[in-house]
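Okay, so here's the structure we're looking at.
The values are calculated or read from the model by the stated rules, or taken from the named source; none is laboratory data. Values in this document were obtained by computation on a predicted structure and should not be read as measured data. Heads up, the Cβs are rebuilt from the backbone with ideal geometry, glycines too, and the neighbour counts pull from every protein chain shown. All accessible areas refer to the heavy atoms of the entire protein, side chains included, with ligands and DNA or RNA removed. Shrake-Rupley method; radii C 1.70, N 1.55, O 1.52, S 1.80 Å.
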Amino acid sequence: MTFKLTIVGCGDAFGSGGRLQTGYHVDLGHHRFLIDCGATSLIGLDKLRLDPNAISTIFISHLHGDHLHPPSLRRLGSRPRIVVPRGAGEWVRRKGIDDVVELGVGDTLT
């Protein structure tokens, strides 16, 4: 399997030094996903000319604002599936995100 990994951001919680908040874009050719979506993720995708509407799934590592920014998720026109840690789904749904899947330790998603 081949894929392309693009670092969208690699900074701290505040995106200091212009490095933006941590995020990774993975392109499998037929499937594109994002790992973490903080407040600066859409800025990073735009700078890199990566189409946010081509992203089908966003994996959220944990519930810190620099990894999960609901207003940014709601601005995505494609409404990708959001995968969150077990126990976080209801909180994310209350923020207006509908397609949410919870995974716990050892769970898999195909």
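Listed values, structure above:
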| item | result |
| --- | --- |
| Residues of the range 12-33 classified as open to solvent by less than 50 Å² (accessible area, probe 1.4 Å) and in contact with a strand residue (DSSP E or B) (Cβ under 6 Å, 6 or more places away or on another chain), total | 9 |
| Test result for residue 102, at pLDDT 95 or above and surrounded by fewer than 14 Cβ atoms within 10 Å (Cβ to Cβ) | no |
| Filter result (out of contact with any Leu (no Cβ under 9 Å at 6 or more places or on another chain) and closer than 20 Å to residue 71 by Cβ) within the range 13-32 | 13, 14, 15, 20, 21, 22 |
| Any strands (runs of 3 or more DSSP E) falling wholly within the chain and containing at least 3 residues that are in contact (Cβ under 8 Å) with a residue 60 or more places away in the chain | none |
| Flag if residue 56 is closer than 20 Å to residue 109 by Cα and among the small types (Gly, Ala, Ser) | yes |
| So residue 36, is it of a type outside the set (Val, Ile, Thr) and open to solvent by less than 30 Å² (accessible area, probe 1.4 Å) | yes |
| Positions within the range 53-99 being open to solvent by less than 40 Å² (accessible area, probe 1.4 Å), of a type in the set (S, T, N, Q) and more than 21 Å from residue 12 (Cβ to Cβ), in sequence order | 57 |
